[in-house]
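Have a look at the structure below before the remarks.
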Amino acid sequence: MAKYKPPHQGKLGQIIDVVVLLILIIGALRLPLWLDLAGGAKTSAAFNPAATWADLGQDTPEKIAAYNALGFDTPNNEALQNIITARYDYTINYLQLLVMIVVVVGYFFLVIRFSGEEYKEVIAEKFGDRK
């Protein structure tokens, strides 16, 4: 039985592979941000300069100490109130859901197809074509 020897890939091919993978990874991480799809908190309550910790629902000393450790000494900070009072938007965008389903299912079928072809090639190289 002959020992399997994988095909050789040159350095230029490896560099192109790495660049393409980096572009795909950065794109996958940045695209939701560019399309404003990341993060569920879309709305915050109006800023209340007279708010207390209790008004914001931060009524235990541990919670107050945690915000103090983050640099928020008083509850009348607008950035702090935006963080605490942010509410999630639970509406479903059906077009985005459909696109996500098509992309995931399409990717699944591409992986199955390409993996099957490569598997058949390796078997043919290792054991010969048995058609």
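Conditions tested, residue by residue: (1) loosely packed, with under 10 Cβ neighbours inside 10 Å; (2) touching a residue at least 12 places away in the same chain (Cβ under 8 Å); (3) more than 27 Å from residue 36 (Cβ to Cβ); (4) among the aliphatic types (A, V, I, L, M).
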| residue | (1), (2), (3), (4) |
| --- | --- |
| 59 | no, no, yes, no |
| 74 | no, no, yes, no |
| 84 | no, yes, no, yes |
| 92 | yes, no, no, yes |
| 98 | no, no, no, yes |
| 102 | no, no, no, yes |
| 114 | no, no, yes, no |
| 124 | no, no, yes, yes |
message: part of a loop (DSSP other than H, G, I, E, B), over 30 Å from residue 124 (Cα atoms) and of a type outside the set (Phe, Trp, Tyr): which single residue out of 6, 75 fits that description?
response: 75
message: Quick check on residue 106: is it of a type in the set (Gly, Ala, Ser) and more than 25 Å from the chain's Cα centre (by Cα)?
response: no
- prompt: Scanning region 28-53 for residues that are surrounded by 11 or more Cβ atoms within 10 Å (Cβ to Cβ), modelled with pLDDT of 85 or more and over 30 Å from residue 104 (Cβ atoms), which turns out nearest to the chain's Cα centre (by Cα)?
  reply: 47
message: Tell me the residue from 106, 128, 116 that is at positive phi and small (Gly, Ala, Ser), please.
response: 128
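The values are calculated or read from the model by the stated rules, or taken from the named source; none is laboratory data. The structure displayed is predicted, hence computed values, not measured ones. Methodologically, a virtual Cβ is constructed for each residue, glycine included, from the backbone with ideal geometry; neighbour enumeration extends over all protein chains shown.
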